[in-house]
1. Within the range 199-210, which residues are surrounded by 22 or more Cβ atoms within 10 Å (Cβ to Cβ) and out of contact with any Asp or Glu (no Cβ under 8 Å at 6 or more places or on another chain)?
2. Could you check the range 17-37 and list, in sequence order, the residues that are touching a residue at least 24 places away in the same chain (Cβ under 8 Å) and part of a helix (DSSP H, G or I)?
3. Can you tell me which residue in the range 60-118 is farthest from the chain's Cα centre (by Cα), limited to those that are surrounded by 14 or more Cβ atoms within 10 Å (Cβ to Cβ) and of a type in the set (S, T, N, Q)?
4. Quick check on the range 149-163. Is at least one of its residues modelled with pLDDT of 95 or more, within 28 Å of ASP218 (Cα to Cα), out of contact with any Gly (no Cβ under 9 Å at 6 or more places or on another chain) and of a type outside the set (Val, Ile, Thr)?
5. Answer yes or no as to whether VAL244 is among the aliphatic types (A, V, I, L, M), modelled with pLDDT under 95 and surrounded by fewer than 13 Cβ atoms within 10 Å (Cβ to Cβ).
6. Surrounded by fewer than 22 Cβ atoms within 10 Å (Cβ to Cβ), closer than 30 Å to LEU196 by Cβ and touching a residue at least 24 places away in the same chain (Cβ under 8 Å): is that true of ASP164 in this structure?
7. Of the residues that sit in the range 159-198 and are closer than 23 Å to ALA143 by Cβ, assigned to a loop (DSSP other than H, G, I, E, B) and not small (Gly, Ala, Ser), which one is farthest from the chain's Cα centre (by Cα)?
Amino acid sequence: MSLRDAENAYKSARYGEAKSILDSLLLVSQDADSYMLRADCLHKEESYQAALADYDRAALFGYKRDDLYLNRGVCKSSLHMYDEARLDLMTYLARHENEAAPYYWIGVVEYMTMQNRAAIRYLDEAIFLDSNYTAAYYLRGAAFVEQGKNLLAMEDFTESYRLDPELLRAKFHIALLYMDMGQDAKAIETLSELKLEDTEYLTEILYYRGLAMFNLHDLDGACNDWVDASAMGDEEAEYSYRHVCLKKDGRPKLKKKHYVEF
């Protein structure tokens with residue numbers, strides 16, 4: 001087996017197979033390219049600490065290409081090593097000023113360190129260089145939310161969802177922005193559509209749809225959503241249900257849901 005075999009496995013997303021080949025190669029020779037590729041495999045598997053160790057080994061053994069700085073910078077940002085990540089990413093950016101990726105990842109670092117104005121500047125550059133950069137629109141939307149610029153945030157979340165209809169989190173944030181802007185009916189419509197999707201945050205969808213219903217004085221609808229979310233472990237929904245939907249003696253203020261049998 002050779003480095004080329006490992007590269008082919010990596011390109012096919014067979015990261016375990018690629019690592020096995022690279023482990024064997026590195027027992028024979030501590031090769032910088034092998035360390036770099038194994039780091040990328042570990043990074044894809046979200047084993048960030050192990051990946052960082054291999055990126056450093058690749059540098060130590062003389063890895064020559066600039067992607068080391070980009071990939072290691074992204075890895076460091078995943079480990080919340082933001083100052084160190086910024087140094088690597090800036091090094092890469094200085095050599096690749098016409099690529100969108102380093103601007104985006106520096107934008108990530110700035111956003112995570114609550115430097116929203118700086119984050120937006122870098123994300124502007126990423127989008128200027130790649131007008132289809134879905135993640136950049138999404139993150140810029142998040143930064144605009146932090147600044148209270150809801151209309152700009154809405155535009156960016158809408159664009160990110162248009163570019164990638166599977167990015168349901170963007171649609172979720174659109175619903176929350178509708179609520180912030182007092183458009184609860186639109187929020188309910190959007191959240192109802194999301195409820196039909198296979199997401200990992202159904203409790204959040206139910207909680208906020210309940211809140212939007214409550215804002216529109218639909219107590220039954222709100223309490224039904226909150227009790228469902230509460231049953232799935234959502235503490236905020238459970239709190240809202242207890243304090244809004246129950247009488248002092250613990251009885252519900254609405255009739256329980258029931259199903260008629262024919």
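1. ILE205, TYR208
2. LEU25, ALA32, ASP33, SER34, TYR35, MET36, LEU37
3. Out of the qualifying residues, it is THR91.
4. yes
5. Taking the combined requirement at face value, the residue does not satisfy it.
6. yes
7. Of everything passing the filter in the range 159-198, GLN183 is farthest from the chain's Cα centre (by Cα).
Residues checked against (1) in contact with a Cys (Cβ under 9 Å, 6 or more places away or on another chain); (2) at pLDDT 95 or above:
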position: TYR10; (1), (2): yes, no
position: SER24; (1), (2): no, no
position: VAL28; (1), (2): no, no
position: TYR48; (1), (2): yes, yes
position: LEU52; (1), (2): yes, yes
position: ASP56; (1), (2): no, yes
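The values are calculated or read from the model by the stated rules, or taken from the named source; none is laboratory data. These numbers come from a predicted model, not from an experiment. Ideal geometry is used to build each Cβ from the backbone, glycine not excepted, and the neighbour counts take in all protein chains shown.
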